Amino acid sequence: TQASWMMKGLIHYLTGPTLDAKILRDNFVIKLVPMLNPDGVINGNYRCSLSGQDLNRQWLEPSRALHPTIFYTKMMLKRFTEDREVVMYCDLHGHSRKKNVFIYGCDSKYRNQSQQGGGRLRER
């Protein structure tokens, strides 16, 4: 998929010899999950798993049985926030209609809450 090529480039960059990559490795814990939809992608789906679920719509309440990759990635992030601050979470996607490079951002309505000691990991 398009996102697989983006991930390959990201891994190549982060593990490469550049000074910027070294600075990132020296200052941050970087966790990469190469693909959250392997069962769907192997069968030609981009967003839907073998259970027919759009995994992008399962983040609020993922099922361990129906959405295991989302369930365990979310669990990993929550456990990680017990020891460290998550500075960035980036979900790489290709798009069926958009061309070239683009970015969607999350709503910042939770920013004030997190700065006042609210939850460290927010979703919408």
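Condition first: over 20 Å from Pro38 (Cα atoms), polar (S, T, N, Q) and part of a loop (DSSP other than H, G, I, E, B). Now tell me which residues in the range 61-104 satisfy that. Asn100, the sole residue that qualifies. When Arg57 is tested against (1) open to solvent by 70 Å² or more (accessible area, probe 1.4 Å); (2) in contact with a helix residue (DSSP H, G or I) (Cβ under 8 Å, 6 or more places away or on another chain), exactly one condition is not met: (2). Scanning the range 24-48 for residues that are farther than 15 Å from His93 by Cα and either touching a residue at least 12 places away in the same chain (Cβ under 8 Å) or of a type in the set (A, V, I, L, M, F, W, C) (or both) yields Leu24, Phe28, Val29, Ile30, Lys31, Ile42.
Set side by side, the residues Pro34, Pro38 differ, and just one is within 13 Å of the chain's Cα centre (by Cα) and open to solvent by 60 Å² or more (accessible area, probe 1.4 Å), which is Pro34.
Looking across the range 1-19, the residues that are over 21 Å from Met76 (Cβ atoms) and either touching a Cys at 6+ places or on another chain (Cβ under 6 Å) or surrounded by 10 or more Cβ atoms within 10 Å (Cβ to Cβ) (or both) come down to Thr1, Gln2, Trp5, Lys8, Gly9, His12, Tyr13, Gly16, Thr18.
Selection of first residues in the range 10-23 that are closer than 19 Å to Cys90 by Cα and of second residues that are open to solvent by 60 Å² or more (accessible area, probe 1.4 Å) and not in a helix (DSSP H, G or I), restricted to Cβ pairs under 9 Å at least 6 apart or on distinct chains, gives the following pairs, ordered by first then second residue: Leu10/Leu32; Leu10/Cys90; Ile11/Leu32; Ile11/Pro34; Leu14/Ile30; Leu14/Leu32; Ala21/Thr15. The single condition among (1) out of contact with any Ser or Thr (no Cβ under 7 Å at 6 or more places or on another chain); (2) of a type in the set (A, V, I, L, M, F, W, C); (3) at pLDDT below 90 that Leu32 does not satisfy is (3). Residues that are of a type in the set (Ser, Thr, Tyr) and either open to solvent by 60 Å² or more (accessible area, probe 1.4 Å) or touching an Asp or Glu at 6+ places or on another chain (Cβ under 6 Å) (or both) within the range 43-54 comprise Tyr46, Ser49, listed in sequence order.
Scanning the range 73-94 for residues that are under 18 Å from Gly9 (Cβ atoms) and without any contact (Cβ under 8 Å) to a residue 60 or more places away in the chain gives Met88, Cys90, Asp91. Taking the conditions exactly as written (at pLDDT below 85, surrounded by 11 or more Cβ atoms within 10 Å (Cβ to Cβ), in contact with a Phe, Trp or Tyr (Cβ under 7 Å, 6 or more places away or on another chain) and not hydroxyl-bearing (Ser, Thr, Tyr)), does Arg122 satisfy them or not? Yes: the conditions hold for Arg122.
Total residues in the range 70-93 satisfying the condition of being open to solvent by 100 Å² or more (accessible area, probe 1.4 Å) and of a type outside the set (Ser, Thr, Tyr): the figure is 8.
The values are calculated or read from the model by the stated rules, or taken from the named source; none is laboratory data. Values in this document were obtained by computation on a predicted structure and should not be read as measured data. All Cβ positions, even for glycine, are placed from backbone atoms using ideal geometry, and neighbour counts span all protein chains on display. Each accessible area value is taken on the protein alone, full model and side chains, heavy atoms only, with ligands, DNA and RNA left out. Shrake-Rupley method; radii C 1.70, N 1.55, O 1.52, S 1.80 Å.
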